[in-house]
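Visitor: Please read through the structure below; I'll follow up with questions.
The values are calculated or read from the model by the stated rules, or taken from the named source; none is laboratory data. Everything numeric here is computed off the predicted structure, so don't read it as measured data. Ideal geometry is used to build each Cβ from the backbone, glycine not excepted, and the neighbour counts take in all protein chains shown. All accessible areas refer to the heavy atoms of the entire protein, side chains included, with ligands and DNA or RNA removed. Shrake-Rupley method; radii C 1.70, N 1.55, O 1.52, S 1.80 Å.
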Amino acid sequence: MKRIAVFPGSFDPITKGHEDIILRAVPLFDEIVVAIGTNSSKKYMYTLERRLEMIRFTFRNEPKVKVDTYLGMTVDYCREVGATHLLRGLRTSADFEFERSIAHINQTLYPDLDTVFLLSLQEYSAINSTIVRDILINGGDATRFVPEGLDLTV
Ligand code: ADP
């Protein structure tokens, strides 16, 4: 059976933290689907098209990494694509508490799907998309927090 992991998020924009988790998961799975979830009540800085493009650029040399978008519940999407695992990154104990409750609910909704957590690199544990957006909105340079060579043009 093919081991397919879904890595869900909004990736607005993708950061070095996301990239690191995905690259370290590559040897563990046959395929990793980076799945951009769309929430109609949320305002995004980058369009869905730009977010897809940025993720495609980041993993252009990683044939196992695919990019997709979905609406609705993550577990339903996972079932649809035949995912065996849900991949999440952990930065802090607060992340763990939050992720644990979601993973427990997902276990109930889809018992065949296992959530796998990878610990972020210490140097990336403070990075998140909100901080990157704040830097950009204030005219700062966020390039060191995002994948090498990424075009951050909105
Ligand atoms: P987004 O910010 O893209 O909406 P999330 O914050 O939900 O998405 O992140 C998607 C996944 O990436 C989560 O599992 C989250 O823990 C992980 N993640 C985000 N930033 C980092 C980071 N700096 N290091 C490791 N994992 C991270």
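Visitor: Hey, any hits in region 10-29 for a residue that's modelled with pLDDT under 95, within 15 Å of the ligand (Cβ to nearest atom) and not in a helix (DSSP H, G or I)?
Guide: no
Visitor: Hey, another quick one. Scan region 20-69 for residues that are small (Gly, Ala, Ser) and within 12 Å of the chain's Cα centre (by Cα) and jot them down.
Guide: Step one: of region 20-69, the residues small (Gly, Ala, Ser) are 25, 35, 37, 40-41.
Result: ALA25, ALA35, GLY37.
Visitor: In the list PHE59, PHE96, which residue meets the criterion of being at negative phi, open to solvent by less than 20 Å² (accessible area, probe 1.4 Å) and among the aromatic types (Phe, Trp, Tyr)?
Guide: PHE59
Visitor: Could you check region 52-154 for helices (runs of 4 or more DSSP H) lying wholly inside it with 1 or more residues that are in contact (Cβ under 8 Å) with a residue 40 or more places away in the chain, within 15 Å of the ligand (Cβ to nearest atom) and not small (Gly, Ala, Ser)?
Guide: Answer list for region 52-154: 74-81, 129-137.
Visitor: Next question, about the same structure. Please go through region 69-87 and give me each residue that is open to solvent by 60 Å² or more (accessible area, probe 1.4 Å) and closer than 11 Å to ALA35 by Cα, ordered by number.
Guide: Scanning region 69-87 gives a single hit, LEU71.
Visitor: Which of the residues that make up region 129-145 are open to solvent by less than 40 Å² (accessible area, probe 1.4 Å) and either among the hydroxyl-bearing types (Ser, Thr, Tyr) or in contact with a Lys or Arg (Cβ under 6 Å, 6 or more places away or on another chain) (or both)?
Guide: Of everything in region 129-145, just one residue is open to solvent by less than 40 Å² (accessible area, probe 1.4 Å) and either among the hydroxyl-bearing types (Ser, Thr, Tyr) or in contact with a Lys or Arg (Cβ under 6 Å, 6 or more places away or on another chain) (or both), namely SER129.
Visitor: Next question, about the same structure. Which ones in region 30-48 are assigned to a strand (DSSP E or B), within 14 Å of the ligand (Cβ to nearest atom) and open to solvent by 30 Å² or more (accessible area, probe 1.4 Å)?
Guide: THR38
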